[in-house]
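Here's the structure we're looking at; comments come further down.
The values are calculated or read from the model by the stated rules, or taken from the named source; none is laboratory data. Just so it is clear, the model here is predicted, and its values are computed rather than measured. No Cβ is skipped: glycine too gets one built from the backbone with ideal geometry, and neighbour counts run over all protein chains shown. Note: accessible area is taken over every heavy atom of the protein model, side chains too, but ligands, DNA and RNA are not part of it. Shrake-Rupley method; radii C 1.70, N 1.55, O 1.52, S 1.80 Å.
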Amino acid sequence: MPFVFKRLALLLSIAAAYAADKDVPFRPAPAASFASNQTNARVTIGVDPYVDEDKVKVAFGKLNPYQHGILPVLVVIQNDSDKAIKLDALKLEYAGPNRDGVEATPAKEIRYLRGEDRPSVIPGPTGTPKILKGKKNPLEAWEIEGRAFTARMLPPGQSASGFFYFQTGLQRGATLYLNGLSEAATGKEILYFELPLR
């Protein structure tokens, strides 16, 4: 084997070893496997709040939305019926133990909840101001919108998953109310789901 090919083989093996060592990719579990799940009309929904540091790191990397006042809740919907399900009118509401409701904040609006820091201005040695850049807004990370729930339709036998974001903290005894699912062909609404957050 020529020297050039040996070097190439060595570089490829190093790259493969490095790629295998990277973080575990984010893959949600099936809806029925969550501690909080419910089935109505052969549609199963599982929810999981992401506040644990290890789970948050797998889904969001260095960003922890919960540290910035945003509660991310993973929602997985499994359609085991023989009909397609419309999800475009899906609505979620977080209710604490005192039943105060908080609606989900759209993922595209999360970045505006905390603006970037204003740049600091300090006088320079010659009297001209020097502008110091402010810190980047951490809520502008691609994971916020990239991991959000975006499915509009769910064919039979398929599942969809993604995060919904709430401007609240996780409280013991909280419940997630979910409605707005309907059969695509008939428009018949599927019963609402009431899922306790554990």
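Table for the structure above
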{"read-out": "Filtered residues of the range 53-107 (kept if of a type in the set (Phe, Trp, Tyr) and in contact with a strand residue (DSSP E or B) (Cβ under 6 Å, 6 or more places away or on another chain))", "value": "TYR94"}
{"read-out": "Subset of the range 42-56 [surrounded by 15 or more Cβ atoms within 10 Å (Cβ to Cβ) and within 22 Å of THR168 (Cβ to Cβ)]", "value": "ILE45, GLY46, VAL47, ASP48, PRO49, TYR50, VAL51, LYS55, VAL56"}
{"read-out": "Any chance TYR66 is more than 14 Å from the chain's Cα centre (by Cα) and hydroxyl-bearing (Ser, Thr, Tyr)", "value": "no"}
{"read-out": "Only listed residue being touching a helix residue (DSSP H, G or I) at 6+ places or on another chain (Cβ under 9 Å) and at pLDDT 90 or above, chosen from LYS108, LYS91", "value": "LYS108"}
{"read-out": "Qualifying residue in the range 97-106 (condition: closer than 11 Å to LEU176 by Cα and among the acidic types (Asp, Glu))", "value": "yes"}
{"read-out": "Restricting the range 138-162 to residues that are part of a loop (DSSP other than H, G, I, E, B) and in contact with a Phe, Trp or Tyr (Cβ under 9 Å, 6 or more places away or on another chain), the residue that is modelled with the lowest pLDDT", "value": "ALA141"}
{"read-out": "Options GLN67, GLN38; residue that is within 20 Å of PHE164 (Cα to Cα), modelled with pLDDT of 95 or more and either open to solvent by 20 Å² or more (accessible area, probe 1.4 Å) or among the small types (Gly, Ala, Ser) (or both)", "value": "GLN38"}
